[in-house]
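Report on one structure; see the data block that follows.
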Amino acid sequence: MAFGNSLGGIKIVCVFIAAMSLFGCEDAPPTPISSSSPVAAPVGEVVAATINGQAIYVSDVQLEAEAQGLVSPGEPLATDSALFTRVLNSLIDDRLLAREAQAEGLHKDPFVQHRVDVLTNRLLGNALLNRAVDEQAIQKYYETAVNLQKLELGVEYRVREIVLPSRATAESLLKQMTSDTDFAVLASNRSIDERTRLEGGDLGWINPDDANSQYANAIRTTPIGGVSDPFETNLGWHVIKVEEKRDEPPPKLEELRPQIRDFLVASELERLLKKLHRDATIIRNFEEVEPAAEIDAFKDAEIIEDNPDEPADQTVDASPEGQESQ
């Protein structure tokens, strides 16, 4: 099973999305530092811990667990769980480190201020995209894709197998089989594969495209209800029976949710950026350089630097005038 062309570019775009993601990353903005004087807890808030009188609320721990993907949005995090303790300890550590950094004046460092600005912008951008791609949008895309058969589904076969120690044993077994032979019973009695023997050799439904070459070839060349010729793997010599054939059923929404969400976020990102660029007044003070040009320039620099025939102190003039004079 694979997505159709509508998801063809998902891998490339998702790299960009992953790069933008801040949840759980090392460069996350420092926790805002409040004053040292304690303040009253907001109505309905429960204090999980205090640091020099400043509170960390249970809701802070809940939100951080959701942000890190440790619990689903809205899924309660029990305060008596090890996970709650782990997230709370992490928030305490973050606060202590941030306070110490501020005490040393690092919050005034230009690089730190720059990173905070950049990461704040990205966090806000992610929030904007996440708001646009909600559960309803994911459900709608899944239903549309299934109804319009945008998912490229294959064919599955119900397969049983018997694994034997040698080719001669497998061929002898085939000669003993008749149309009345119960393959499942025979597998239970004769197969040396303990993983499938007690299940009558049942391998379940298999898509040949997802199987190794030996199984795939045997499945494709064996008629429904037929038994294959023996073939060898590292487990021994196999004989399979192909019992049924069906169209591969569409995967469940839960299986595709991450891919669908990434695709919808990528689509929304492209749409939104086009609109924002079109509506904004952007003035560049430097000429745009295509990535390919940067790569070529880098390769040229490597060639010049690593050329063993060039004297170490020789200056290479790459300008048109320099090339003409040479």
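Scanning the range 240-277 for residues that are part of a helix (DSSP H, G or I) and free of Cβ contacts under 8 Å to residues at least 12 places away in the same chain yields a count of 10.
Here ILE92 does not fit the description of being in a helix (DSSP H, G or I), in the same structural domain as ARG261 (by TED's automatic domain parsing) and β-branched (Val, Ile, Thr).
Picking from residues in the range 65-96 that are in contact with a Ser or Thr (Cβ under 8 Å, 6 or more places away or on another chain) and in contact (Cβ under 8 Å) with a residue 40 or more places away in the chain, the one that is surrounded by the fewest Cβ atoms within 10 Å (Cβ to Cβ) is ASP94. Tell me, please, whether a residue that is within 15 Å of ALA49 (Cα to Cα), assigned to a helix (DSSP H, G or I) and out of contact with any helix residue (DSSP H, G or I) (no Cβ under 8 Å at 6 or more places or on another chain) can be found in the range 97-107. No, the range 97-107 contains no residue that is within 15 Å of ALA49 (Cα to Cα), assigned to a helix (DSSP H, G or I) and out of contact with any helix residue (DSSP H, G or I) (no Cβ under 8 Å at 6 or more places or on another chain).
Just to be sure before I move on: is LEU124 of a type in the set (A, V, I, L, M, F, W, C), in a helix (DSSP H, G or I) and outside the structural domain of PRO223 (by TED's automatic domain parsing) in the structure I sent? Yes; evaluated as a whole, the condition is true for this residue. Scoring ALA211 on the criteria (1) touching a residue at least 12 places away in the same chain (Cβ under 8 Å); (2) under 32 Å from the mean Cα position of the chain (by Cα); (3) more than 23 Å from SER172 (Cβ to Cβ); (4) surrounded by fewer than 18 Cβ atoms within 10 Å (Cβ to Cβ) leaves a single failure, condition (1). For the condition surrounded by fewer than 17 Cβ atoms within 10 Å (Cβ to Cβ), outside the structural domain of ASN217 (by TED's automatic domain parsing) and touching a Pro at 6+ places or on another chain (Cβ under 8 Å), VAL118 does not qualify.
The values are calculated or read from the model by the stated rules, or taken from the named source; none is laboratory data. On a predicted model such as this, the values are computed, not experimentally measured, just so you know. Cβ: placed from backbone, ideal geometry, glycine included. Neighbour counts: every protein chain shown.
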